[in-house]
Amino acid sequence: MITKENAGVTDFLKTLEQIVSNVEQLTQTCRPTLNGELFLTDQEVSQRLKVSRRTLQDYRNQGKIPYFYIGGKILYRESDLEKVLENAYYKMRE
């Protein structure tokens, strides 16, 4: 007879709980792309770059970071941010 106390059932239930937890985490953090591009909010960009949202506003005003302004919302294309960072890279002198 198979019961909840059976070792195989217990292991299966633990594995199932882990899978459910992983799926929940993925649905919270994973967003679909648009034409293969990922768009980020100013909050996400400020967290990734470790700068304040006010600093991002300064970067926008100074034309340092490209962005989209749609319906009162500002979005940044991830590939544009990668290009900005790549262009700002200074190689260490040897």
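The values are calculated or read from the model by the stated rules, or taken from the named source; none is laboratory data. This one's a predicted model, so the numbers in the text were calculated from it and none came from an experiment. Neighbour counts run over all protein chains shown; Cβ positions are idealised from the backbone, glycine included. Side chains are part of the model used for accessible areas, which takes the heavy atoms of the whole protein and leaves out ligands, DNA and RNA. Shrake-Rupley method; radii C 1.70, N 1.55, O 1.52, S 1.80 Å.
How many residues, within region 1-55, are modelled with pLDDT of 90 or more, within 17 Å of the chain's Cα centre (by Cα) and in a helix (DSSP H, G or I)?
Qualifying residue count, region 1-55: 9.
Return the residues of region 51-94 that are touching a residue at least 40 places away in the same chain (Cβ under 8 Å) and open to solvent by less than 60 Å² (accessible area, probe 1.4 Å); say none if nothing qualifies. Lay out the reasoning, then the answer.
At the first step, the residues of region 51-94 found to be touching a residue at least 40 places away in the same chain (Cβ under 8 Å) are 77-79, 81.
Within region 51-94, 78, 79, 81 qualify.
Out of (1) over 16 Å from the mean Cα position of the chain (by Cα); (2) part of a helix (DSSP H, G or I); (3) among the aliphatic types (A, V, I, L, M), the odd one out for residue 92 is which?
Failed condition: (2).
Looking only at region 56-82, how many residues end up being assigned to a helix (DSSP H, G or I) and small (Gly, Ala, Ser)?
Taking region 56-82 as the starting set, the residues that turn out to be assigned to a helix (DSSP H, G or I) are 56-61, 78-82.
Restricting the remaining residues to those that are small (Gly, Ala, Ser) gives 79.
So the answer is 1.
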